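The values are calculated or read from the model by the stated rules, or taken from the named source; none is laboratory data. Remember, predicted model here, so these are calculated numbers, not experimental data. Please note: Cβ atoms are built from the backbone with ideal geometry, for glycine as well, and neighbour counts cover all protein chains shown.
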Amino acid sequence: MSAPTIRTRHTAAAADAVERARDAATRESWTEAYELLHAHDRHPSRGLTADDLSVLADAAWWSGHLDESVTARLRAHAAFLAADDHRGAGLASWWLHYEYAGLGRPAAAAGWLHRARHHLADLPDCPEQCFLAWTDAEEAEAHGDHAAALAAVHRMTGLALASGSPDLLALSRQAESRVLLAAGRRAEGLARLDDAMCAVTAGELSGMFTGWLYCLALTQCMEAADFARAVEWTNAAMEWCAPPWTGHPPPDGPDSPDGPDGPAAARDPGNPASLPMTVPSGENPFRGVCRAHRVEVLDLLGAWALAEAEARQACREVPVDCLESAAAAYYAAGDVQRRQGRLDAAAVSYGHAHELGRIPQPGLALLRLAQGRADAAVAGVELALACRGAPDHDVLGRARLLAARTEVALAVRDVAGAAGAAAELDALAGDGAGAVPLLRALADTAVGSVALARKGSDALLPLRRALAGWLELRVPYEAAQVRMLLAAADRAAGDEEGARLELGAARAAFERLGAVPDARRAAALLTGGSRRRLPGGLTAREAEVLRLVAEGGTNKDIARTLVISEHTVARHLNNIFAKLGVGSRASATAYAYAHGLV
């Protein structure tokens, strides 16, 4: 066989490989496309067009080879530029901006965004300009300029409609939804989001835009405290992500061989620095991000064992450009561990979340409160509130901080501070037709807690509203906590039978959840506390002294009440501080509240 014949066959085989790679990309079989193009590209005598290099970049990203994706995209940009194709160069530049931003290289991301604007600025309207309009809207929102953001998304929508692209149109609807929600136009914003998600759940979009919109929508739902939508779309997202991933929802549901009971569950993620930083080839890179959102939903629904297992799995799955999702998963695991009484494990989880860039509040403040470190709890939650500022996007985040501020303030007998936080939370939740159910339940709980601390007769109404709200939302832990408050209010009103019913229901809920400290506290209140083991190794007399300290008594007051000397009171206090590992009356008071001694 002659050499030209051999070369002709090799050329034909190479061309066939590229064609098969293009077909695989069209089918969103990204691993196949990556392997074909990667093998072809390694041969020094073979070249790839700018479009094929863009496909290689996409395939490398989906296959978890993020560095290769960037390299291929850089080559694609150069090839488009050499061909004087400014639309192609502009789109490649925008994708480089996006990828560099995800990899934590803001200077490179800013440079490529500037190039994208340069390439696309003087061209007639084209679909590629949608991405610039999207970025313009996000930048305007970051500066609080709602009018400029809305103008940018309207331009994006016009470009998307002209292009006829379902992907771009759905993304523009999501962008408009975010701007409207930030501007306080909740009903309009959620309507736009529903419109975008119809296209997602109907399978009308490409894989990239489907993944984007699931992640963006789930974030929006939780930030806006729309729990019903979060539950619905989290389930849909996990079905879409389930392996083996083909780009479309599997017919048989979300069963995963690598889920919480599979072989991967036995691995310990350990330190975040040791976690895999790429998604295994053939898996969906959005899977870990969507799973991290699912963890937060499972936490609220009271599926704590599954939430913790899913948090571990999410930390193994998230790619390097989505570490904020791993941080969220660690934080959620910390919340579960804290409420189960596993305080050391919770501290480790919150520490991992912090290492990955998340401020672990209010969970860390509530952990410090449970440990009797009241000063640290107060400082932590107040600093987090000061740093967060106006709610804008993350309404639920601020609401949770205000709820924790109320709880911590009451623990240190700062009723005025608790009342201020509860009032802000009440205003944030809205009322009547404009009320947000999850925020309303948080607010009613806080308002009722403050009324109870003031020993007023108006605690029952907000607490009963709060209980109804939590039950309707199917959020069991918070419902059980409200039952504990209702029991105290019932007893204050002389309704002992009502108090025992609430305590019994709370105890049963805590035991089902595995909330051991709360279950013990409910059990102790049911039996009057006479036969329970006192926490921290306290004697009965020390517990009595601590209760009086928590009620605001001075050493002189306590000595008079117990008919003992002030010297004996001081000795008891020294013993209490030593046993509990605290250094102040405020910290001892916080410990007493956290462990049901008051």
Would you point out the residue of region 178-191, among those that are of a type in the set (D, E, K, R) and in a helix (DSSP H, G or I), that is farthest from the chain's Cα centre (by Cα)? E188
Residues in region 452-474: is at least one of a type outside the set (S, T, N, Q), modelled with pLDDT of 95 or more, under 25 Å from A374 (Cα atoms) and within 22 Å of the chain's Cα centre (by Cα)? no
A careful count of residues in region 159-178 that are closer than 16 Å to Q129 by Cβ and touching a residue at least 24 places away in the same chain (Cβ under 8 Å) gives 11
Tell me yes or no: at least one residue of region 365-376 is without any contact (Cβ under 8 Å) to a residue 24 or more places away in the chain, surrounded by 22 or more Cβ atoms within 10 Å (Cβ to Cβ), not in a loop (DSSP other than H, G, I, E, B) and not acidic (D, E). yes
Just one of G189, G184 is among the small types (G, A, S) and surrounded by 16 or more Cβ atoms within 10 Å (Cβ to Cβ); which is it? G189
On the given criteria, is R42 surrounded by fewer than 23 Cβ atoms within 10 Å (Cβ to Cβ), farther than 29 Å from A116 by Cα, modelled with pLDDT under 95 and of a type in the set (K, R)? no
Between a residue in region 316-330 that is touching a residue at least 12 places away in the same chain (Cβ under 8 Å) and among the polar types (S, T, N, Q) and any residue that is surrounded by 24 or more Cβ atoms within 10 Å (Cβ to Cβ) and not in a helix (DSSP H, G or I), which pairs come within a Cβ distance under 6 Å, given they are 6 or more apart or on different chains? S325/V318
Checked A416, A421, A427, A379 against criteria (modelled with pLDDT of 90 or more, among the small types (G, A, S) and surrounded by 18 or more Cβ atoms within 10 Å (Cβ to Cβ)); the one match is A421
A386 meets each of (1) part of a helix (DSSP H, G or I); (2) modelled with pLDDT under 95; (3) crowded, with 20+ Cβ neighbours inside 10 Å with one exception, condition (3)
Scan region 553-565 and give yes if some residue there is assigned to a helix (DSSP H, G or I), at pLDDT below 90 and within 41 Å of the chain's Cα centre (by Cα), otherwise no. no
Kindly indicate which of R115, R46, R105 is out of contact with any helix residue (DSSP H, G or I) (no Cβ under 8 Å at 6 or more places or on another chain) and either of a type outside the set (A, V, I, L, M, F, W, C) or over 22 Å from S163 (Cβ atoms) (or both). R105
For the condition modelled with pLDDT of 85 or more, within 27 Å of Q337 (Cβ to Cβ) and assigned to a helix (DSSP H, G or I), what is the one hit in D518, D490? D518
Let me confirm something: among A160, A175, A170, which residue is in a helix (DSSP H, G or I), among the small types (G, A, S) and more than 24 Å from the chain's Cα centre (by Cα)? A160
Single unsatisfied condition, L597 versus (1) more than 33 Å from the chain's Cα centre (by Cα); (2) modelled with pLDDT under 85; (3) crowded, with 21+ Cβ neighbours inside 10 Å; (4) in a helix (DSSP H, G or I): (4)
